[in-house]
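The values are calculated or read from the model by the stated rules, or taken from the named source; none is laboratory data. Here the structure is a predicted model, which is why all the values come from computation and not from measurement. Note: ideal-geometry Cβ built from the backbone for every residue, glycine included; neighbour counts use all protein chains shown. What goes into the accessible areas is simple: the full protein's heavy atoms, side chains included, and nothing from ligands, DNA or RNA. Shrake-Rupley method; radii C 1.70, N 1.55, O 1.52, S 1.80 Å.
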Amino acid sequence: LTEDEDVQRMLRGSLLRKIKSRGVPRERLFRLQEDGATVCFEGRFRGARSPQSFSVLHVEGVREGHQSEGLRKYGATFPERHCFTIVLKGKLKNLDLAARGEEDARHWVQGLTKLMGRLQAMSQPEKLDQYPFWIHGVLQRADRNKDNKMSFREVKSMLRMINIDMDDGYAYRLFKECDHSGNERLEGRELEEFCRRLLRRPELEELFGQYSGEDLVLSAEELQDFLRDQGEDASLRQARAVIRTYELNEKARQQDLMMLDGFMMYLLSAAGDILNQEHTKVHQDMSQPLCHYFISSSHNTYLTRNQIGGTSSTEAYVRALMSGCRCVELDCWEGSDGEPIVYHGHTLTSKILFRDVIESIRDYAFKQSPYPVILSLENHCGLEQQATMAHHMRAILGDMLLAQPLEGQDPHSLPSPEQLKGKVLVKGKKLPEQWHEPQGITSLLEPEEEEEEEEEEEEEKFQERSRRQVRGSLCGVKGPQHAMALTPRWVLQAKDASQVAPELSAVVVYCQAVPFPGLAHALRHPQPWQMSSFSERKARKLIKEAG
């Protein structure tokens, strides 16, 4: 790919602005390294300038334009065609970037996409060929004074570059054990030893020793014994094939021998995984009724951090859906300007618009899996904003929203995931059919037991926080002056939040939330489209009484 125009531009580097919530975004040089797998840029660590990098292997995707929450909020002053987002895997934060021009942005989006595809398609030997270039580049960047020696500070910088989050005390102990010269610097073989110690797996070394004997080399026959002990019907030919694929030492490979490094490479590869690789794809029968399956579900999906004062973000929905989640939760509350909001009620978590959440779900619901997505609504809105919620779901999701039972479906059985491919289902309360008119008639329904218990717990927490606040900051206030301040805000909203707007009721089809009628009644009168939620306390009680 080095001759590719997009990759060449990335190798030369581009001045890009990193868009963040605070401060004026300044230009930084982003440049692809010679290894073709690492992008470096200047960042800040604890207020000081620090070289930073990320591996293309850690990139989950690239989005063009204002397609992230960060760019929608803070990147409006930059033309959309100049902007793009690099989505990183796991807990790594997204990079929202703005280029000087449309051409630069296009080169980076296309170049990263090509490199991601190339790296994913690389064989194990090809990846190993790249490794020395990659680690050499990291060491060069971490060596700030270019003396070919690494101080402990430079070693910590190296660990950050390769995304190793290690306890400082443990890292320093390793550093001292490898510093044979005692000059507080690692060089040459000392540095190589440090890197090897980072990769050590004592349990695999012990396993290797059990099968290889005193010479610490596995013959094809010994590897065959190991494979058979793992329950594999391995032939000598298969054992030799494993050695030729994973052994790093060329001389050993030619003699059908395997060293420790090759053995570890095999065990840590997909071929050595306990999971059958055929099962990384859907291999089950997906034509059974929906309730026959465990469904990968997310609780308080909108939160990126803790449940008391953390940040709510549409990106949390994107990550959940991209990790294969098929049921996401929306805690819906009354917002200003007639717009419902999503956040963890009664807490200091930030708020996001319901409309923005639905847009993110539309864009990412079926990128990772074609099977149905369930929106579990915890509804605390009044009738007017409930109707707004229904309007947003219909307008934004369009045909993706299942608003009618499937034609020809047996009413006594739920449809299957196969039948519901590409559909979004809403879980929520529903009006009795005879009241299901668009004239605004409402029904006061009994709240679910789980919600009642959760709200009791939340209220207790709120009262305790309130007592602490009064003790800490209102010590001189007496009498009823602060009584209203301690009234939970949701009490004022609750007057019609337990009612259901006909518009919202209409989009609840196969996932109607109802109070649990008891096991005996449920078994006598099965209603497959109804579902009940339990607190853990209630579930344990049911297990104990009627397991």
- Query: Efficiency by 1/(1 + (r/R0)^6): what FRET value for Q140 and R100, r their Cβ-Cβ distance, R0 = 35 Å, to the nearest 0.05?
  - Reply: 0.80
- Heavy atoms of T304 accessible to a 1.4 Å probe, total area in Å² rounded to 10: 80
- For the stretch 232-262, which GluC sites (Glu not before Pro) are both in a DSSP coil and crowded by at most 14 other Cβ atoms within 10 Å? E232
- Hey, what's the chain come to in accessible area per residue, 1.4 Å probe, Å²? 56
- Estimated dipole of the stretch 202-277 in Debye, rounded to 20 [Cβ of Lys and Arg +1, of Asp and Glu -1, Cα centre]: 420
- Summing -39500 (n - 2.57) over the DSSP H runs of n ≥ 4 in the chain and dividing by its residue number, what mean residue ellipticity at 222 nm do you reach, to the nearest 500 deg cm²/dmol? -12000 deg cm²/dmol
- Message: In the chain, if the dipole is taken from +1 on Lys/Arg beta carbons and -1 on Asp/Glu beta carbons about the Cα centre, which of Q110, H292, V509 is farthest to the positive end?
- Response: Q110
- Query: Regarding the chain, what is the average projected area of its C-alpha convex hull, in nm²?
  - Reply: 35.9
- Work through the residues other than P289 whose Cβ is under 12 Å from its Cβ and net out their charges, Lys, Arg +1 and Asp, Glu -1. -3
- Message: Treating only the Cβ of Lys, Arg, Asp and Glu as charged (+1, +1, -1, -1), what charge dipole size does the chain show about its Cα centre? Round to the nearest 20 debye.
- Response: 2120
- Task: Kindly express, to the nearest 10 degrees and within the range 0 to 90, the angle between helix 354-364's C-alpha long axis and the longest C-alpha principal axis of the chain.
- Result: 40
- What net charge do the residues around A239 carry, taking every other residue with its C-beta under 14 Å from that of A239, with Lys and Arg at +1 and Asp and Glu at -1? -3
- Note on the structure: So the carbon and sulfur contribution to the accessible area of the stretch 160-298, 1.4 Å probe, in percent, is 49
- Accessible surface ranking that places the most exposed of R244, R17, R394 first, with a 1.4 angstrom probe: R244, R394, R17
- Beyond 18 Å, what share of the Cα-Cα pairs of the stretch 124-199 remains, rounded to the nearest whole percent? 37
- Task: Please work out the C-alpha center-to-center distance from the stretch 100-151 to the stretch 323-361 and express it in whole Å.
- Result: 38
- Item | DSSP beta bridges in the chain [antiparallel fraction, %, rounded to 5] | 70
- Measure off 7 Å from each Cα along the Cα-to-Cβ vector at D273 and Q120, then give the distance between these two points in nanometres to one decimal. 1.4
- Query: Pairs K73/K351; K89/K176; K93/K114; K430/K544; K351/K538; K73/K421: which are spaced more than 24 Å apart, C-alpha to C-alpha?
  - Reply: K89/K176; K430/K544; K351/K538; K73/K421
- Item | Only Lys, Arg (+1) and Asp, Glu (-1) charged, at Cβ; the stretch 124-199 dipole about Cα centre in debye | 160
- For the residue pair E407 and H180, what label-to-label distance in nm results when each label sits 7 Å from Cα along the Cα-to-beta-carbon direction? 7.9
- Message: I need the calculated FRET efficiency for the pair D4 and F152, taking r as the beta carbon distance and R₀ as 41 Å, to the nearest 0.05.
- Response: 0.55
- Note on the structure: Taking chymotrypsin sites (Phe, Trp or Tyr not before Pro) in a DSSP loop with at most 16 other Cβ atoms within 10 angstrom as exposed, one finds the longest site-free stretch of the chain at 1-292
- Of the residues Y302, L257, V242, the Cα lying farthest along the dipole of the stretch 229-318 towards its positive end, which is defined by charges on the beta carbon of Lys, Arg, Asp and Glu, belongs to Y302
- Considering only DSSP states other than H, G, I, E and B, which GluC sites (Glu not before Pro) in the stretch 80-137 qualify as loop sites with at most 15 other Cβ atoms within 10 Å? none
- Low-density loop trypsin sites (Lys or Arg not before Pro), the stretch 185-239, at most 12 other Cβ within 10 Å, DSSP non-H/G/I/E/B, are R200
- Task: State the answer as a single residue: which of A121, Q52, V318 lies farthest towards the positive end of the charge dipole of the chain, with beta carbon charges of +1 for Lys and Arg and -1 for Asp and Glu, about the Cα centre.
- Result: Q52
- Item | Accessible-area value, K20, 1.4 Å probe, nucleic acids and ligands omitted, Å² | 100
- Note on the structure: Dividing the surface of the Cα convex hull of the stretch 202-277 by four yields a projected area in nm² of 4.8
- Give me the accessible area of I358, 1.4 Å probe, in Å² rounded to the nearest 10. 0
